[in-house]
1. Could you grab me the full set of residues in region 145-178 that are surrounded by 21 or more Cβ atoms within 10 Å (Cβ to Cβ), among the hydrophobic types (A, V, I, L, M, F, W, C) and assigned to a loop (DSSP other than H, G, I, E, B)?
2. Taking region 314-355 only, how many residues are under 23 Å from Glu279 (Cβ atoms), in contact with a Phe, Trp or Tyr (Cβ under 6 Å, 6 or more places away or on another chain) and modelled with pLDDT of 90 or more?
3. Give me the residue from region 207-233 that is outside any helix (DSSP H, G or I) and modelled with pLDDT of 95 or more and, out of that set, nearest to ligand 1 (Cβ to nearest atom).
4. When you go through Arg95, Arg85 one by one, which is the residue that is surrounded by fewer than 19 Cβ atoms within 10 Å (Cβ to Cβ), touching a residue at least 12 places away in the same chain (Cβ under 8 Å), away from ligand 1 (no atom under 11 Å from the Cβ) and in the same structural domain as Ala175 (by TED's automatic domain parsing)?
5. Glu78 versus (1) more than 20 Å from Ser143 (Cβ to Cβ); (2) away from ligand 1 (no atom under 16 Å from the Cβ); (3) of a type in the set (Asp, Glu): which is the lone unmet condition?
6. Which residues, counting only those in region 44-75, are among the charged types (D, E, K, R) and modelled with pLDDT of 95 or more?
7. Check region 150-162 and report whether any residue there is closer than 20 Å to Lys24 by Cβ, touching a Leu at 6+ places or on another chain (Cβ under 7 Å) and charged (D, E, K, R).
8. Is it the case, given these coordinates, that Met199 is without any contact (Cβ under 8 Å) to a residue 40 or more places away in the chain and under 20 Å from the mean Cα position of the chain (by Cα)?
Amino acid sequence: MIKRFIRRVFGLREGAPLRIPRSKHGLAREAISHGALKVCDVLQDAGFSAYVVGGAVRDLLLGIEPKDFDVATDARPEQIKPLYRRALIIGRRFRLVHVMVGRETVETSTFRAAVEDAGATEGEAQRVQDEHGRVLRDNVFGSQAEDARRRDFTVNALYFDPASESIVDYHGGLADLKKRVLRVIGDPATRYREDPVRMLRAVRLAAKLGLTLDAATRAPIRRLAPLMERVPPARLFDEMLKLLLSGHASACLRQLRDEGLHHGVLPLLDVILEQPLGERFVTLALAQTDERVRTDRPVSPAFLFAALLWHEVLATWRAREKRGERAIPALEAAMDQVLDTQCEKLAITRRLTATMREIWGMQPRFEHRSSIRAQRLLEAPRFRMAYDFLALRAASGEVPAEFETWWRAFQSADAPTRKAMLMPESGPTQKRRRRRRKKTAPAGGTATPA
Ligand code: ATP
Ligand code: MG
């Protein structure tokens, strides 16, 4: 506030950036994707400035392969679009352009002003804040210096010019990268108030990049963690998914807990991270996911969320059974209950919840090793996922290991071996059936192998 006031009164400009030549940072034009190079070249030929910016520059400097390349320019969306054959103006909160080059999509955005500059940008301010200082909408074009200041961390505000191979650095991001420090640009508490998701990003990026949170960046997180409550569920879901699929999910969640952020993020984390059995199950699930991400194997978000919420479902299911509900309806009700609570905070998409329900719903069916039932389960569309889930339950000690070994052998066996493996339907199932037929006391607890 005071800085902004002084700047306004004295008409002071943002400090001049460092322009760092290739000889000092080592990043070459060749490291940039074909699409991003093309977007920059075309914009520059048309007389605009254009830079590769954000995560890609940061990752390349750290020797990590970037997921995608973003471009920032002083051209407005309507000036960018006609320069390319395939380009789309998108976004409501921020208008930006998607330029398609071959199979690559390059997100190309116009320099934007930071929140505190919005008032100074006459006529164009469309900034809306809620009563806690959270920015709701800010489509305000600005200078490159303003664009740098509205970014979250110093290491995310580096602009690489492919033509000169120099880096424009307003906030000492390159020095921080060398020191392996993640530092918020500006006053951390203010920046977290504007957008509480930045706290989550701090934890995720530190874990993913192996950086240490600067002390001032870290300090206010615990106090401001309750602000996460106000983040719209859809945004929280996107950020949470990024975190879980970063290849460093275990480290991220551990740090979320250390920073006291897990309470605000997901109601489920409250439970998971504080229960020994839940913790073992979730730890295994996360370790497995990290391993798959790091070895470039596909990961199903539905499987992951099903795993994260399993102990909630299990506890609710058991409680309902104890109250005398029958196993399968109790499980159905438990799934509804848990998903209702979680989706309030986290907009887990419908497609995802449908698969999660399938995975959970198939678990009791693994108990039946009679001919038709086992065979039918094997042919179910989501069998493989449900079986992997069972394997996780066995590994965590929730169900007997023998369960999983039987199903593993059964899957890969040939027809005659399978036939020999099938057990006659007996024990609890038949008893339950008989009981159900007599319509006496409802079956309790039998569907959950403990
Ligand atoms: P990732 O490797 O996960 O893609 P990233 O830093 O590139 O990390 P993006 O979500 O792709 O993350 O964001 C691109 C850039 O936009 C960031 O580098 C940062 O400069 C800026 N940015 C993203 N989210 C925020 C935010 N909440 N507040 C301020 N700046 C942000
Ligand atoms: Mg990115």
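The values are calculated or read from the model by the stated rules, or taken from the named source; none is laboratory data. Because the structure is a prediction, the values reported are computed rather than measured. Neighbour counts are summed over all protein chains in view; Cβ atoms, including those assigned to glycine, are modelled from backbone coordinates with ideal geometry.
1. Answer for region 145-178, where residues must be surrounded by 21 or more Cβ atoms within 10 Å (Cβ to Cβ), among the hydrophobic types (A, V, I, L, M, F, W, C) and assigned to a loop (DSSP other than H, G, I, E, B): just Ala157.
2. Within region 314-355, residues that are under 23 Å from Glu279 (Cβ atoms), in contact with a Phe, Trp or Tyr (Cβ under 6 Å, 6 or more places away or on another chain) and modelled with pLDDT of 90 or more number 3.
3. The qualifying residue nearest to ligand 1 (Cβ to nearest atom) is Leu211.
4. Arg95
5. (1)
6. Within region 44-75, the subset among the charged types (D, E, K, R) is 45, 58-59, 65, 67-68, 70, 74.
If the condition is that a residue be among the charged types (D, E, K, R) and modelled with pLDDT of 95 or more, then Asp45, Arg58, Asp59, Asp70, Asp74 are the ones that fit.
7. Taking region 150-162 as the starting set, the residues that turn out to be closer than 20 Å to Lys24 by Cβ are 154-162.
Subsequent filtering for residues that are touching a Leu at 6+ places or on another chain (Cβ under 7 Å) retains 155, 158, 160, 162.
Keeping just the survivors that are charged (D, E, K, R) gives none.
Within region 150-162, not a single residue is closer than 20 Å to Lys24 by Cβ, touching a Leu at 6+ places or on another chain (Cβ under 7 Å) and charged (D, E, K, R).
8. Values: without any contact (Cβ under 8 Å) to a residue 40 or more places away in the chain: no; under 20 Å from the mean Cα position of the chain (by Cα): yes.
No.
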